[in-house]
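Worksheet for the structure shown next.
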Amino acid sequence: MRLVAIDEVAQRRSLKRGQGLAEARAMYPDIDVFDEDERADFALLEAIADWCDRYTPLVALDGKDGLFLDITGCSHLFGGEDAMLRDVLARLFQMGFDVRGSISSTPGLSSAISRFGRGGVIARENMAAALGALPVHALRLDEKTVASLLKLGLKRVANLLSMPRAPLARRFGAQMLMRLDQALGTNEEAISPRRPVAPLSAERRLGEPIQTQEDILGMTAEIASSLKLSLENRGAGGKVFELVLFRVDGRVFRISAGASRPLRDPKRISGLFSERLNAIHDDLDAGFGFEFLRLNVLQHDVFDELQADFSGEGGRETSLADFIDRVSARFGAGCLQVYQHRQSHIPERAEIFIPAIAVLERQPERSEAMPFLPQADRPLRLLRSPEPVEAFAALVPDGPPQQFRWRHVMHIVTRAEGPERIAPEWWIDDENAKERDYFRLESEFGRLFWVFRLGRYGDDPPPTWRIHGVFA
Amino acid sequence: MAHAAAAQEKLFALREQIARLEGRSLPAMAAAKMENFAARSSGEEKLSFDIAALDDALSGGLPLDCITEIRSGSFSDAGAATGFSLSLVGLMKARKAAAGPMLWIADGFSTSEMGIPYAGGIRQFGIGSRTIFHASPRRLEDALWLAEGALESKAFIATIFEIHGNPKAFGLAESRRLSLRAKAAGRPLFLLRHAGEEEASSASFRLFVEPAPALERRLPDGSMLGGSIGHPVFNITLEKSRNPAPLSFRLEWNLHDRQFHLARDPGKSSFHKWPAHSGASLSVSADRQDCPKALGDVVAFERAS
């Protein structure tokens, strides 16, 4: 077992990372040791990354213990790079984290300076000097390369910078030169942000934290109204919104809500979140309040510009869309569904459900002249899966049964219609799938069942009977 | 004399108030309506069945701004109850030429027991599958919220609210609430209760549905095709209405004309010749006697839930 992380006291006592535990215990028998919990560490890092979203939407993870923030174009919002760095570090320090950071033009250099240097803001012209002063460990090379560099006495990056490139590449591989170039900005290095950047977003920083649902919704509507203009400029309306709530103590909540048709109206946007907040009421712990709110438009779509009528009522189209949005926001998109017809003769494949929010009808009563619609009678209720029945006295080879037992109840068949043969779809089922012969069977009390025979008489194994639905 | 006239007027006013509370058409106003507003369609819409006896019993037809309960005795009759409620929607569409979607609020248990409503079959009832919205709430409270929201939004021409049994969470207060919503929105709510008991509720009508043997298919020359299974037939019992006694009708829903007809008694089926005595369909009672009959008249139903 080895030490993976040490605190300040241990550092002062010259314990090192990677040291064997037995050795450390021998030096200082009184040290406290805890097992590493990688998942918890990662969760903490993710939480800090979430918190850092307040500075920039582009936050990426750097290994197990670092974060990259792409602050291109954001630093002026926080009073310049210097002030921003101080703000980040001070706030994290107040939360109890010992954090070092630096701002430079490349991720590689920032990472190196934060870990091995003194931190701070590195100007573009000082980059080479700053990098040169660091040990070669700072270049993010693999251990073998570092060891061989050290063996040759190349301890500082400056030693490498002054050497000709071609022999270096021959000796240590292309990776080292790539790392050098990345740190100095001659080779572009991309960071991979944790979340996709929202096409549109707006935010509010609050002096006084808010706690109640009404306040949150009111603030959401206000933020939405500032988004309205940029949506109008794009001729778009938002379809998926995300509300990000930053709690005072650093916890971040993300609530997303979808709309069935593009939205711009602030009131309706905040209405979406009102259902969502109702639904997740217990999970949203306001604590001491939220100090920072952001509204992201994750997806937007073309907004149909329509002249509203003078009465001010949107009519049925809007109210239906509203209802779908409210239900989907409250119970999830899977709650409210519509039927979609598929080109299949197998009854359970012919009609499937898709979420209503995905396909809002523009013309609800369109003629359904689809050539593949079956002309034969179909049941009103279709069982989830066909249930086996015991059929008696069926007319061999292709007649209906005269009695059958379903769920322990015997039904005596008085009339029957059929069979309607539905062949299996060999491209989905396999080649040996059996065909179904469907019968409509009327029992003596007038109940009408849809029963089929799977397979043929004379085959081995003998055919089985299933019930698949009921008619009116 | 003037005193008597004033008393009379007060009496009329009270009667009107009572009528308004009960949701009936106002007695004093009724006559006036006939004279003055004959040309104008009256405020309340009614769904007439075009069957004189049934329409009379319903005092003109099913009102389309309140709850109509459709009850079946057991789950095995779910097909008939489903069919009847959908045929009401089909009739609405045929009558009013009302375009618009309908909402089916499904009950999870009924769905797993008797299957999901199948668009292929519903289409034959005259309701396009694109116009059906299918909601599957997890709890009854969610279903109530959905029903209320659907009525409130006025987006659906009809809402079918499926429940099973007599759940405690859906009692008189909840049904009153839904009924007021329906009244305010002017949209019908069909409460489809599978395997439920009669229960006091705010539904203006309650219909008990049983399946009945279908008639045979009609041939173009008017004769019947022997042994075939034609349009669905329902045995409807008007359990709750303004009539003193429950009335029963046997209705055939014509899938092509989208219309109800009174069904004649079916003739003998020609498909099978069963022996005269096929054995008792019920076992002989054993163990103990049947429970004693309740004494007195039923004045009001107790809560079954």
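Descriptive notes on the structure:
- Of the residues A:Phe68, A:Tyr339, A:Gln182, the one whose Cα sits farthest toward the positive end of the charge dipole of the protein assembly as shown, with +1 on the Cβ of Lys and Arg and -1 on the Cβ of Asp and Glu, is A:Gln182.
- For segment A:50-141, the alpha carbon positions stretch 33, 28, 21 Å along the principal axes, listed from largest to smallest.
- Each residue of segment A:386-395 was assigned a 3J(HN,Hα) from its phi angle through the Karplus curve 6.51 cos²θ - 1.76 cosθ + 1.60 (θ = phi - 60°); the sequence is x, 9, x, 10, 9, 9, 10, 6, 6, 6 Hz, with glycine and proline shown as x.
- Comparing segment B:46-258 with the 2.2 N^0.38 Å rule of thumb, its C-alpha radius of gyration ratio is 0.98 (two decimals).
- Ellipticity estimate at 222 nm from DSSP helix runs (n ≥ 4, -39,500 (n - 2.57)) divided over chain A, nearest 500: -9500 deg cm²/dmol
- Rounded FRET efficiency, nearest 0.05, which uses the C-beta distance separating A:Leu44 from A:Gln375 and R0 of 41 Å: 0.05
- Per-residue 3J(HN,Hα) values for segment A:227-244, derived from phi via the Karplus relation 6.51 cos²θ - 1.76 cosθ + 1.60 with θ = phi - 60°, read 7, 4, 5, 5, 5, 5, 4, 8, x, 10, x, x, 10, 10, 10, 9, 9, 10 Hz in sequence order (x marks Gly and Pro).
- Top positive-direction residue, dipole computed over segment A:52-184 with Cβ charges, set A:Leu139, A:Cys52, A:Ser114: A:Leu139
- The label point for A:Asn126 and the one for A:Lys64, both projected 7 Å from the Cα toward the Cβ, are 3.2 nm apart.
- Accessible area buried at the B-A interface, both sides summed, 1.4 Å probe (Å², nearest 100): 5600
- Whole-number D in µm² s⁻¹ for chain A, Kirkwood Cα-pair radius fed into Stokes-Einstein, 25 °C, 0.890 mPa s: 84
- Within segment A:382-415, trypsin sites (Lys or Arg not before Pro) in DSSP loop having at most 15 other beta-carbon neighbours inside 10 Å: A:Arg407
- Taking all protein chains together and a 1.4 Å probe, the residues B:Lys10, A:Lys239, B:Lys46 rank B:Lys10, B:Lys46, A:Lys239 from largest to smallest accessible area.
- Mean-position separation - Cα centroids, segment A:32-108 and segment A:375-454, in angstrom: 65
- Net charge, A:Ala123 excluded, C-beta distance under 13 Å - Lys, Arg +1, Asp, Glu -1: -2
- Overall, the accessible surface of chain A at a probe of 1.4 angstrom is composed of carbon and sulfur to the extent of 51 percent.
- Length-normalised contact order of segment A:52-184 in % [C-alpha pairs under 8 Å, at least 6 apart]: 18
- Cβ charges +1 (Lys, Arg) and -1 (Asp, Glu), total dipole of the protein assembly as shown, debye: 980
- Across segment A:251-261, computed HN-Hα scalar couplings (Karplus, 6.51 cos²θ - 1.76 cosθ + 1.60, θ = phi - 60°) run 6, 10, 10, 10, 10, 10, 9, x, 10, 6, 9 Hz from first to last residue, x flagging Gly and Pro.
- Charge dipole (chain A, unit charges on Cβ, about Cα centre) - positive-most of A:Gly79, A:Gly458, A:Gly418: A:Gly79
- Rg/Rg_ref, segment A:203-336, where Rg_ref = 2.2 N^0.38 Å and atoms are Cα: 1.07
- Most simply put, segment B:46-258 has about 40% antiparallel DSSP beta bridges, counting only bridges with both residues inside it.
- Accessible surface, per residue, of chain A when the full set of protein chains is kept, probe 1.4 Å, Å²: 54
- In nm, spacing of pseudo-spin labels at A:Arg204 and A:His408 (7 Å Cα→C-beta vector): 6.1
- Cβ charges +1 (Lys, Arg) and -1 (Asp, Glu), total dipole of segment A:177-315, debye: 300
- Sparse-neighbourhood loop sites, trypsin sites (Lys or Arg not before Pro) in segment A:130-184 - DSSP loop, at most 14 other Cβ within 10 angstrom: A:Lys155
- Charge sum, other residues only, whose C-beta stays under 11 Å from B:Ser85's C-beta, Lys/Arg counted +1 and Asp/Glu -1: 0
- Entry for segment A:240-290 at q = 0.22 Å⁻¹: log10 I(q)/I(0) = -0.83, Debye formula applied to identical alpha-carbon scatterers, no solvent contribution.
- Of the residues B:Glu302, A:Glu8, ranked by 1.4 Å probe accessible area with the largest first, the sequence reads B:Glu302, A:Glu8.
- A convex hull fitted around the alpha carbon atoms of segment A:381-470 yields 96 Å³ per residue.
- Here A:Leu454 and A:Ile354 are evaluated by their C-beta separation; at R0 = 22 Å the FRET efficiency comes out at 0.15.
- Heavy-atom SASA rank of A:Tyr438, A:Tyr457 (probe 1.4 Å, accessible area, largest first): A:Tyr457, A:Tyr438
- Where trypsin sites (Lys or Arg not before Pro) fall in DSSP loop in segment B:116-188, at most 11 other Cβ within 10 Å: B:Arg138, B:Arg139, B:Lys168
The values are calculated or read from the model by the stated rules, or taken from the named source; none is laboratory data. This structure is a prediction, so every number in the text was calculated from the model and none was measured. Every residue, glycine as well, gets a Cβ built from its backbone with ideal geometry; the counts of neighbours run over all protein chains shown. To get the accessible areas, we keep the full protein, side chains included, count just its heavy atoms, and leave off ligands, DNA and RNA. Shrake-Rupley method; radii C 1.70, N 1.55, O 1.52, S 1.80 Å.
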